[in-house]
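> Starting off with a structure, shown below.
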Amino acid sequence: MKALIVKKDSLIYKLLDLDTNLYIEAFVKGKLRHQKLDKDSKFNFNKSNKTKKDIKILQIIPKVGDICTYEKSNDRYLIKDIKERKNDLIRPDIANVDQAILVFSVVEPNFSFNLLDTFLFISYYNHIKPILLITKTDIDENKTIELKEKLNYYKNNLDLEIYYINNNLFDFSQNHLFENKITVITGQTGVGKSSFLNNLSTDINQKTQSISKALGRGKHTTRNTELFYIYNGFIADTPGFSQVKINLKDPNLLKDYYLDFKKLEKKCKFLNKCNHININSNLCEVVKKYDDKEIILERYENYRKFYNEIKNMKKIY
Ligand code: ZN
């Protein structure tokens, strides 16, 4: 029998059976067996240096978002096995996240390109599709127009889906945004995550209220993550990415998570060896496009800043 793990409460797991659509409670069979992994396995994804032992065997603890098989044993349901993970986040503790809705306001707090580029990095690094939701578009019209123009760069060069909402009036029941997906919602305090959820729909208000309550929690509160069914998909009641930083050890890898730069590197003299930094514009297509103002200033400057931060971090060790 196959199920999705929607909640974990110490030893008790809440599962949604994928055939019957019924919720059941299950336990882990003994100490869940050690699974054999190869070095490319997404299990233990965040461990950058897998030891030989890690590669050979690893005790997998099921978590929310896992697809598992389970069986009935005496009068209990037991989780037997879990499927390979698409991604594996630590904080929040959740697996197989499909997409992240990144909530930003135009003002109060002011839009931050630094935070946007950081969130985009985290999303692409974890194989999560980012979706941008811009709130408070009615407070300062000029700022909104200016921001839209800049964000068009992201829309066109990253195929980033962007929604602008005014007073949180947006009917997500009409599109298929959540369908068959596990979604996390993330953003700074004050951008309107909670009111966005409360306005999703009235019939699911009960659920969204508890999610928005969870989103409003202080960042140091630890609580178990739960998946809520919403518009044929699932939303995780977590405050989103709690580690908002670029955790790369090698600055040379940063460019690989810049899909817009990636498209251009074919025209760089040193191809994928080019870091697009400290290089003449006739040797680097990214620098050339930046000089021609085809790449917005913030995007490139943040990239350079992140690159140097990673590089300087490396020196400490
Ligand atoms: Zn280049």
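> Select the strands (runs of 3 or more DSSP E) contained entirely in region 52-127, then report the ones holding at least 1 residues which are surrounded by fewer than 17 Cβ atoms within 10 Å (Cβ to Cβ).
57-59, 67-73, 76-82
> If S48 satisfies all but one of (1) farther than 29 Å from E146 by Cα; (2) of a type in the set (G, A, S); (3) at pLDDT 90 or above, what's the number of the condition it fails?
Here S48 meets the rest and fails (3).
> Let me ask another. Considering only residues that are assigned to a loop (DSSP other than H, G, I, E, B) and touching a strand residue (DSSP E or B) at 6+ places or on another chain (Cβ under 8 Å), which ones fall in region 1-24? If you could, list the steps in order and put the result at the bottom.
Going through region 1-24, the residues assigned to a loop (DSSP other than H, G, I, E, B) turn out to be 1, 10-11, 18-22.
Scanning region 1-24 gives M1, L11, L18, D19, L22.
> Of the residues that make up region 173-192, is at least one under 15 Å from the mean Cα position of the chain (by Cα), modelled with pLDDT under 75, on the phi > 0 side of the Ramachandran plot and not basic (K, R)?
Within region 173-192 (the criterion being under 15 Å from the mean Cα position of the chain (by Cα), modelled with pLDDT under 75, on the phi > 0 side of the Ramachandran plot and not basic (K, R)), the answer is no, since none of the residues qualifies.
> Where the second residue is in a loop (DSSP other than H, G, I, E, B) and of a type in the set (D, E) and the first is farther than 30 Å from K255 by Cβ and lies in region 124-150, which pairs have Cβ atoms under 8 Å and are six or more apart or on separate chains?
The qualifying pairs are K136/E108; I139/E108; T144/D138.
> Does region 243-263 include one or more residues that are at pLDDT 70 or above, among the charged types (D, E, K, R), more than 26 Å from D17 (Cα to Cα) and within 16 Å of the chain's Cα centre (by Cα)?
yes
The values are calculated or read from the model by the stated rules, or taken from the named source; none is laboratory data. Note that the structure is a prediction, hence the values are computed from the model and not measured. Every residue, glycine among them, receives a Cβ derived from its backbone with ideal geometry; neighbour counts consider all protein chains shown.
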